[in-house]
Structures are given as structure tokens and as C-alpha cells.
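Trainee: Would you mind keeping the following structure in view while I ask a few things?
Just so it is clear, none of the values below were taken in a lab; they were calculated from the coordinates. Here the structure is a predicted model, which is why all the values come from computation and not from measurement. Virtual Cβ from ideal backbone geometry, glycine too; neighbours counted across all protein chains shown.
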């Protein structure tokens, strides 16, 4: 059985996770407290001179409509983080259900399910997202759905592999001999033992989801003006990059630091998981 407490302890004691965790907490708190922290409403037109540079009144300057860039970035954290998390939750939930089910049922179900995963995996996830958006239409939530759907094959493949290993454990055989139903075994006994793996791959995929959604918004397929989503802000600011570079630099910087922090957390979680699994192998 997997010791979740030891896994978390190893992650917390890893000094490398300090920066990623600290910056991410700051961004999350900023998003939650945006109405308190932001000096202006995110869509307040003419809150200052148009395309005004950074100053004490406008820390990150203003955009072409005179809106405060700092306020829009803080509110934009709500968009970028929430849509990334929702997309990953959709992908990891669907992928986990599919992966665990085909792994435990086995036989033809596993073969057919694996072939479906392989076929979908053959398409680059970003291109698959573009295809889905082309079918269902433009919009932020359509993009969230598309990115989540495109991540299912990746999640399902990893979860299936982990579930196959757990399936062979003696306590699963004991559950079968005691007459437990398949649903109960899959979600009461297999799932709890792969939750750390789910947490790791979901965290590592969150950065990619945020980038993908921001990229699609940058292309005009996701968030639409005047929504303060970071990708949409980059798209709006590119026309003024030469004269007002702050309209792109600051949204891009926050996007970069947020994704880097999430990826760093994912790497540390993966290291903690690998260390724990190595200990388990050493005991056997």
C-alpha cells in the first residue's frame, strides 16, 4: 500500500519546491484578493493616460484604452489559473476513469481501449485542441474543453499503466476472492493507491494546460476582449509592442513565472514519488 503521508513529507522537505510553492501561493492569493489588491477595476477605461508607461499611479502602465495593466494582470490570474485547473480536472478525471476501467477489466476491453488511446495519442495535443475548437467554435470555455479533451490520452495511458501494476497486488486478489464488485475494487482499492501518481501528472500537466489555453487565446480562439486573460492580453498588446512594450512584457512575465512555478512543483512531486517507490522496491 502506498504511504501518502511519507510522500507528502518528502515533498515538503524538498527545498527545491520552496520557490515554486511560494510564488504560486502569491499568485493564488492575488487572484482571490484581486478586488482588494487591484487599484482599479480590470475594465475601467481611461483610468489613466492611454499607453502610459509604468509609474506610481499605474505600476505596470496602461493599455491602449487607458486600462491599468497591473489590475488586469491580477484579475487575469483568476482566468488563467482557473481555466487551467478546470481543463486538467476534466482531463485527469476522464483519463483516470477510462484508464482504470480498461486496465482492471482487461481482455478485449483493454486491447480496444489501448488502441483508442494510441490513435488519439498520434495527434499532437495542441493540434487536437485546434481541431476541436474548429468544430465546436471559438470561446474561452470551448478552449478549456478542447485542451482537457486533448489531454485525456496522455492521462489515460499513464493511469492504465499504474492500475495494471496495482491490479497484480495480493490485496486486490483478496478483494476478488471476497466477492467485491468490480466498481468497488476499481475505485475503493485501486484508485486510492494511484492518487499520488494522479497528483504528480496533473500538476506537471497544469503548466502545459495554462500555456495551451493562453496560446489559443493569443490566436483569438479563446478569451475575447476585454477579458483580462493573460493570453488575450498578449494578443491585444502585440500591436503596440514597439511603442508600449509593457503591455506585453508584464502579462508574458507573469505567464512565464506561473508556468515555471507549476512545473517546478510537478518536478519536485515526481522526485518525491520516485524516492518513495525506490524505498518500497528496496524493502521487497
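Trainee: State the extension gain, in nm to one decimal, for the chain segment bounded by residue 43 and residue 270, taking 0.36 nm per residue of separation less the distance between their alpha-carbons.
Mentor: 77.7 nm
Trainee: At a 10 Å Cβ-Cβ cut-off, how would you order 219, 149, fewest neighbours first?
Mentor: Fewest to most other Cβ atoms nearby, the residues stand as 219, 149.
Trainee: Once you keep just the Cα pairs under 8 angstrom separated by 6 or more residues, what percentage relative contact order results for the chain?
Mentor: Computed value for the chain: 25 percent relative contact order.
Trainee: Would you mind getting me the FRET efficiency between residue 119 and residue 238? Use the beta-carbon distance for r and R0 = 41 Å, nearest 0.05.
Mentor: So the FRET efficiency works out to roughly 0.70.
Trainee: Extending each Cα 7 Å along its Cβ direction at residue 136 and residue 183, get the distance between those two points in nm, one decimal.
Mentor: 2.6
Trainee: So if R0 is 41 Å, what FRET efficiency would residue 108 and residue 50 give, r being the distance between their Cβ atoms, rounded to the nearest 0.05?
Mentor: 0.05
Trainee: For the Cα atoms of the chain, what angle does the longest principal axis make with the long axis of helix 107-121, in degrees from 0 to 90, nearest 10?
Mentor: Taking the Cα atoms of the chain, the angle to 107-121 is about 20 degrees.
Trainee: Okay, next question. Would segment 80-222 count as rounded, prolate or oblate if I go by the C-alpha gyration tensor, calling it rounded below 1.5 in a/c and otherwise prolate when a/b exceeds b/c, oblate otherwise?
Mentor: Verdict is prolate for segment 80-222.
Trainee: Kirkwood hydrodynamic radius, computed over distinct alpha-carbon pairs, for segment 129-195: how many Å, to one decimal?
Mentor: About 14.2 Å for segment 129-195.
Trainee: Across 5 Å bins from 0, what is the distribution of all Cα-Cα pair distances for segment 81-148, in whole percents?
Mentor: 4, 17, 19, 22, 18, 12, 7, 2, 0
Trainee: Still on this structure, please answer the following. Can you tell me the relative contact order of segment 144-284? Whole percent, Cα pairs under 8 Å, sequence separation 6 or more.
Mentor: 21
Trainee: Based on other C-beta atoms within 10 Å, arrange 79, 40, 171, 243 from fewest to most.
Mentor: Ascending number of Cβ neighbours within 10 Å: 243, 171, 40, 79.
Trainee: While we're on this one: Any chance you could run the full-extension gain for residue 224 through residue 28? It's 0.36 nm times the residue separation minus the Cα-Cα distance, nm to one decimal.
Mentor: 68.3 nm
Trainee: Would you order 108, 160, 72 from fewest to most other beta-carbon atoms within 10 Å of each residue's own beta-carbon?
Mentor: Ordered by Cβ neighbours within 10 Å, fewest first: 108, 160, 72.
Trainee: Normalised by the number of residues in segment 80-222, what is the relative contact order in percent for Cα pairs under 8 Å and 6+ residues apart?
Mentor: It comes to 41 percent, rounded to a whole number.
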